[in-house]
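Below: one structure, written as C-alpha cells.
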Amino acid sequence: MDGSGGGQGKGGDRGIGSRRATRLIHGRSQSSMWEYSHHAIPPITASTTFRLSSVSRGQKGFLAFGSPDLGHGESPTYIYDRLDEPTTSMLEEVLADGEGGDRAVAFACGMSAISSTLMACCSVGQSIVAHPVMYGCTYSLLTKQLPRFGITTVFADMRDPEAIRLAITADTRVVYFETPANPTLECIDIQNVATVVGAINAARPVEQRVRIVVDNTFQTLWGQRPIESGADIVVASLTKNVGGFGVDMGGVAVVPRELCGPLKGIRKDFGGVLPPASAWDFQVYGLSTLPVRLARQVQTSRAVAEFLASHPAVSRVSYPGLPDYEFREIAEKQMRTPEGEFCPGHMIYFELAGDPEISANRRERFINYLAEHAYSIMLAVSLGMTKTLIEAPGLMTHSSFDPETQMKLGIHPGGIRLAIGLEDARDVISDLSEALENSI
Ligand SMILES: Cc1ncc(COP(=O)(O)O)c(C=O)c1O
C-alpha cells in the first residue's frame, strides 16, 4: 500500500475490498508512480522527457529501469517516455489487476504486445507450438517474421492433449493460442492445456519451462481471465473492446513478475510504445465502460445469432451463446465475468448455404449489399466498437492463410465475421434480414 490517498477516501489503497467493475473505474489515484489524489479524472502526461535534478539521479533512473517493484514499494525516477511514464503506468496497473496477473506492460498495438512477448520468451533456436486458427497477422508473424530471427512455430490442435504433448520438444518455450479463436470461434480449454504443459514443465529446469500465452482480445478481461485458468501470460489488443470506441490503437501483455523487466527492455529497444494520450483514453473511457458495453453487446449478439441460425440462407452459425454451439461446455466454464456470469462475447461467425463456390459468391453479394444499403452494419475490419462491423475473413483479416489452409482450418469460402456493437438489436437484424432477402 503506497500512501494515504490524501483527502480522497480509499483511493490510495487500490480499492482493496471493492469489486472489479468499480476498480476498472477508479483504479488507484495515488502510488509511488503517480499522485493524482486531488483529480476526479487523472491528467494526461504530455512531456516526452523529464527534468532531472542531478546526473546521479539520471543514472539512478537508468539503473532502476525495468524493476518489477517500481510502483510496488519502489519509487520511479522518470527519464524518458519510451522507458516509463505515469499515465501508461496507471493503465498497466488496472490491466494487471483486471486480468489477475502480476504485471502489465502496455504497447502501441496488439501486434507489438504479441511480438514483444514472443521475443521475451524465445531466443534463436527456440520454438513455439500454436493452435492453427488465429488472427491473420499473428499467423504471418509466426510463419514469416519470427523464422527470420531463428524462432520457429509448429502448429498443433490445442483441443487434443496428445497433439500438444507430441508437438512440444526440448526447444519449445511457448504454447500459444486464442480462445475463442479468430475467426471461427472454436474454444480451447485453457485448464486442459495447462495440465499438459504443467506435466512437461515439472520435469524441466525453470529456465527451460514452456509458457502458455493466450490472446484474450475477443473476450477481454471482463469476459474471461486466462491466468485464473492456468495460463502464464495474457496478450491482448486494446484497440478493440477495451478501447471500445475505435479511436486508439494499443496492446498489452500481462506477465509474471520476472518477465516485466525483459518485456520493458524490448519495448524500450524495439520502440512499440503506447502514447500517454491513448493510455488515458483506454483508462478513462474504455475500461470504465467495458462491463456495461459488453453486457449490451452480449444481449444483442444472442438475438442476432438466433436470427441467423433460424434463417434458411444461413447454413452454420458459430456463437458461444447458442445452445448448440460446438464448444458450449468449455465456453460456460471459462468465458465468465468476474461476477461469475456466462459471457459468450460479441463475435459471431456464420456461413451462407451452398457449395463452397456458391457460398463464396453469395457472401460477396450479401456483404456488398450491406455495404451499400445498411445503416447499422458497416463493412470494416476490427471489432469491439460501438458500431457493428462485418467482414469476409478469408479475403481480408485472414488472407495471409492460403485458400487450401483456410479450408483445412474451417475458414469457409462463404464465412462471415460479425462484430456486434451497441446499436438496437432490431436494427441490426432488420439490416441483415433485408440483405439476405435481396442479395441471395
Ligand atoms: C485476436 C487478435 N489479436 C491481435 C490483434 C492485433 O491487434 P492490433 O490491431 O491492435 O495490433 C487482432 C486484430 O484484429 C486480433 O483480432
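Here, each number is a calculation from the coordinates, and none is a lab measurement. Since the model is a prediction, treat every value here as computed from it, not as a measurement. Using ideal geometry, Cβ is built from the backbone for each residue, glycine included, and neighbour counts are taken over all protein chains shown.
Observations on the model:
- Relative contact order %, the chain, counting alpha carbon pairs below 8 Å whose residues are six or more apart: 16 percent
- The angle between the Cα long axis of helix 110-121 and the main principal axis of the chain comes to about 60°, on a 0 to 90 degree scale.
- Under Karplus coefficients 6.51, -1.76 and 1.60, residue-wise ³J(HN,Hα) of segment 173-178 in Hz, glycine/proline x: 10, 9, 10, 10, 7, 9
- J(HN,Hα) series, segment 420-432, from Karplus relation 6.51 cos²θ - 1.76 cosθ + 1.60, nearest Hz, glycine and proline x: 6, x, 10, 5, 5, 3, 5, 6, 5, 5, 5, 5, 5
- Antiparallel DSSP beta bridges within the chain, as percent of all bridges there, nearest 5: 55 percent
- Spin-label model distance (nm) - GLN145 vs SER56, 7 Å beyond Cα toward Cβ: 4.3 nm
- Segment 247-359: C-alpha gyration tensor shape, a/c 1.5 cut-off, then a/b vs b/c: prolate
- When you restrict to C-alpha pairs under 8 Å that are six or more residues apart and normalise by the size of segment 289-439, the relative contact order lands at 26 percent.
- Crossing angle, helix 190-202 versus the chain [Cα axis fit, 0-90 degrees, rounded to tens]: 50 degrees
- Count of lysine pairs in the chain with Cα separation under 27 Å (8 or more residues apart, or interchain): 10
- About its Cα centre, segment 289-439 has a charge dipole of approximately 320 debye under the convention of +1 per Lys or Arg Cβ and -1 per Asp or Glu Cβ, with nothing else charged.
- Peptide packing: for 309-315, 179-185, 191-197, the average count of neighbouring Cβ atoms within 10 Å per residue gives the ranking 179-185, 191-197, 309-315, highest mean first.
- Here is how the number arises for the chain: DSSP H runs of 4 or more residues each give -39500 (n - 2.57), the sum is divided by the residue count, and the result at 222 nm is -10500 deg cm²/dmol.
- Net charge of neighbours whose Cβ lies under 9 Å from the Cβ of HIS131, counting Lys and Arg as +1 and Asp and Glu as -1: -2
- Rounded FRET efficiency, nearest 0.05, which uses the C-beta distance separating ILE41 from GLN208 and R0 of 60 Å: 0.85
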